[in-house]
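Shown next, in structure tokens, is the structure this report addresses.
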Amino acid sequence: MTRYYLTTAIDYSNGDPHLGHALEKVGADVTARYRRRSGDDVHFVIGMDEHGQKIAQEAEDRGITPQELVDRMADRFRDAWERLEISHDDFIRTTEPRHEESVHELLDRVREAGDLYLDQYEGFYCVGCEAFKKEEDLDEEGRCPVHPDREISWTEEENYFFRLSDYRDDLVAHIEEHPEFIRPESRRNEILGLLEEGLDDISASRSRLPWGIPFPGAEDHTVYVWFDALPNYISAVGFPGESFQRWWPANLHVIGKDITRFHCVIWPAILMSAGLELPETVWGHGFVSVGGGKLSKSSGVSLELPGLVDRHGPDAFRYFLMREVPWDGDRDFPSGGFLDVYDERYNSDLANDLGNLLNRTISMIGQYRDGRVPSDGGRTELDDAAADALAEYRERMDDHLLHEGLEAAAGLVRRANGYVDEARPWELASEERELESAEGEAGDEVEADLADVADELDAVLGSLARALGHCAALYAPFMPSKARELWSQLGGGGAVPTFDELEAGDFELGTTRPDEVLFPRHEG
């Protein structure tokens, strides 16, 4: 069994989980579930980024302590991910003692490498970004373009600095030698362009900032964001202990495209300094926007996550996100039209295509075969289509193109619906009944015709059920609960089959178990 370590960016504790957070967590969860169903031993980590000036200010504004604030926010995020069936194995928080211990060990190694030094910093600081800004990073009005509603502050303080500039050539060499390190390709090109301009050293500590991890050897300093938030990926697996040796390096970091510089320049440079291996792949997904507006607390453009999940249920919401938002790009929904697109996709793909296919298939098997899925009628072209869909699905999923993998599954549903109209099993059933009525009055020729028609009907119904069985497996990473319901209604025993079991034909369907409509149609 191959081990597979997968992480997402840790969420900042200054606002409730929103659509953008959900996109990242659902996409990563789809990947984790896919890898498990492919036979991998998966360790999937998410969590919270809980230190910094912005947290301290937010807590002061609310009249509570920073710890009280981050505890409340952690509970809200946990509740949201539980509702969306995010199957993480760990929820790391940067206020945990295990994280602080790992950060101190990492800084000790970087110091031993000679990559930390004390110096004076003078420059602009954006509390919203928790980042220092050069003049060229600001807009024409001297504000941060990411947080134009916040005042930018001039800061003068003594900090420990990390010699990031020393690692430019090593980073370029690694990226060029390992094209899989930064994906999709557009993100890799952006980082290589940034590296061509050269790198400046960065602060590793902040002075006079009380809410953070104490900087080792300088108790009047706290650890700055690069060495606080980014090391969660190693602290979550017990750096530097035995568990770390088992799981590191990470196979995949899933992050938003706005933080690729942190994860593809600063983080690997820190790891190089500490003598640690780099992650295999950093995937920078795109953004969801509505009317061109980025979804965030500070932008004022928001759709409440609980209402979106409740509208059609968590599985349908997961499906919608992965179907509508390309995992390697952005998706801008029309202003005021987000829910219309959501409802249309739900009705079209789930209620009409998949739900109707299941209802028709189970109904016909119930009418024509007393609910027993035929297993002796032989293969049809639909079985070949299911095998092709599985191969296409696995190729796309292995390449992290989740939306294309989902399209392969949806394509099989469309093909199966078309096959029903082409094969017209109701006509075969009618012919079978007529031949059965004439069987006692006719000879061997009628019996032979009856056997041929019965076999053909068995083949049609059996292949439809098997195609739906494939759909249950293909949809399982995207819609885990509905996939189990689909499999159960088909008469499948045990768990939804794995991909290897599908390819080997190592699964059986027994007696169908009709239940509630899988996806009730949304009206108005």
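The values are calculated or read from the model by the stated rules, or taken from the named source; none is laboratory data. The structure displayed is predicted, hence computed values, not measured ones. Glycine gets a Cβ as well: all are built from the backbone with ideal geometry, and neighbour counts include every protein chain shown.
Based on this model, can you work out whether Arg433 counts as basic (Lys, Arg), modelled with pLDDT under 95 and more than 28 Å from Leu321 (Cα to Cα)?
On the way: basic (Lys, Arg): yes; modelled with pLDDT under 95: yes; more than 28 Å from Leu321 (Cα to Cα): yes.
It is true that Arg433 is basic (Lys, Arg), modelled with pLDDT under 95 and more than 28 Å from Leu321 (Cα to Cα).
Among the residues of segment 319-338, which ones are within 24 Å of Phe519 (Cα to Cα) and under 13 Å from the mean Cα position of the chain (by Cα)?
Tyr319, Phe320, Leu321, Met322, Arg323, Val325, Pro326
How do the helices (runs of 4 or more DSSP H) wholly within segment 48-133 filter down when requiring 3 or more residues that are farther than 29 Å from Arg163 by Cβ and within 29 Å of the chain's Cα centre (by Cα): which remain?
Working: elements: 53-62, 66-83, 97-112.
Fully inside segment 48-133 and qualifying: 66-83.
Select, from Arg183, Arg150, the only residue that is touching a residue at least 12 places away in the same chain (Cβ under 8 Å), in contact with a strand residue (DSSP E or B) (Cβ under 7 Å, 6 or more places away or on another chain) and more than 29 Å from Trp283 (Cα to Cα). Even if it seems obvious, please write down each step before you answer.
Working: Arg183 fails: more than 29 Å from Trp283 (Cα to Cα).
The unique qualifying residue is Arg150.
Return a yes/no flag: does segment 154-177 have any residue that is in a strand (DSSP E or B), loosely packed, with under 14 Cβ neighbours inside 10 Å and in the same structural domain as Asn14 (by TED's automatic domain parsing). Please lay out each step first, then the result.
Within segment 154-177, the subset in a strand (DSSP E or B) is 154-162.
Those left that are additionally loosely packed, with under 14 Cβ neighbours inside 10 Å: 154, 156.
Filter once more, so that each one left must be in the same structural domain as Asn14 (by TED's automatic domain parsing): 154, 156.
Within segment 154-177, one or more residues are in a strand (DSSP E or B), loosely packed, with under 14 Cβ neighbours inside 10 Å and in the same structural domain as Asn14 (by TED's automatic domain parsing).
Just give me the residues in segment 371-386 being crowded, with 18+ Cβ neighbours inside 10 Å and among the small types (Gly, Ala, Ser), in sequence order.
Ala385, Ala386
Matching residues to (1) basic (Lys, Arg); (2) surrounded by 16 or more Cβ atoms within 10 Å (Cβ to Cβ); (3) modelled with pLDDT of 95 or more:
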residue	(1), (2), (3)
Phe320	no, yes, yes
Phe338	no, yes, no
Asp343	no, yes, yes
Ser348	no, no, yes
Asn356	no, yes, yes
Ser363	no, no, yes
Arg369	yes, yes, yes
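Within the group Asp383, Asp388, Asp370, which residue is of a type in the set (Asp, Glu) and under 16 Å from Ala454 (Cβ atoms)? Please lay out each step first, then the result.
Working: Asp383 fails: under 16 Å from Ala454 (Cβ atoms); Asp388 fails: under 16 Å from Ala454 (Cβ atoms).
Criteria check complete, one pass: Asp370.
Conditions: (1) farther than 27 Å from Glu404 by Cβ; (2) surrounded by fewer than 21 Cβ atoms within 10 Å (Cβ to Cβ). Pro17 meets all but one. Number of the miss?
Among (1) farther than 27 Å from Glu404 by Cβ; (2) surrounded by fewer than 21 Cβ atoms within 10 Å (Cβ to Cβ), the lone unmet condition for Pro17 is (1).
I'd like to check something: does segment 65-75 contain any residue that is touching an Asp or Glu at 6+ places or on another chain (Cβ under 9 Å) and farther than 21 Å from Asp228 by Cα?
No: zero hits.
Quickly run through segment 134-152 and pick out the residues that are surrounded by 14 or more Cβ atoms within 10 Å (Cβ to Cβ) and outside any helix (DSSP H, G or I). Working first, answer last.
Initial filter on segment 134-152 (surrounded by 14 or more Cβ atoms within 10 Å (Cβ to Cβ)): 137-138, 143-144, 146-148, 150, 152.
Those that are surrounded by 14 or more Cβ atoms within 10 Å (Cβ to Cβ) and outside any helix (DSSP H, G or I): Leu138, Arg143, Cys144, Val146, His147, Pro148, Arg150, Ile152.
When segment 299-318 is examined, which residues are found to be surrounded by 15 or more Cβ atoms within 10 Å (Cβ to Cβ) and either basic (Lys, Arg) or part of a helix (DSSP H, G or I) (or both)?
Leu305, Leu308, Val309, Arg311, His312, Pro314, Asp315, Ala316, Phe317, Arg318
Among the residues of segment 389-416, which ones are under 17 Å from Asp500 (Cα atoms) and of a type in the set (Lys, Arg)?
Arg394, Arg396
Among the residues of segment 502-515, is any within 26 Å of Gly313 (Cβ to Cβ) and among the charged types (D, E, K, R)?
Looking for residues that are within 26 Å of Gly313 (Cβ to Cβ) and among the charged types (D, E, K, R), one finds at least one in segment 502-515, hence yes.
In this structure, does Gly47 turn out to be surrounded by 21 or more Cβ atoms within 10 Å (Cβ to Cβ), of a type outside the set (Val, Ile, Thr) and modelled with pLDDT of 95 or more? Let's see the steps before the verdict.
On the way: surrounded by 21 or more Cβ atoms within 10 Å (Cβ to Cβ): yes; of a type outside the set (Val, Ile, Thr): yes; modelled with pLDDT of 95 or more: yes.
It is true that Gly47 is surrounded by 21 or more Cβ atoms within 10 Å (Cβ to Cβ), of a type outside the set (Val, Ile, Thr) and modelled with pLDDT of 95 or more.
Could you check segment 463-514 and list, in sequence order, the residues that are assigned to a loop (DSSP other than H, G, I, E, B) and more than 19 Å from Arg35 (Cβ to Cβ)?
Leu490, Gly491, Gly493, Gly494, Gly505, Asp506, Phe507, Glu508, Gly510, Thr512, Arg513, Pro514
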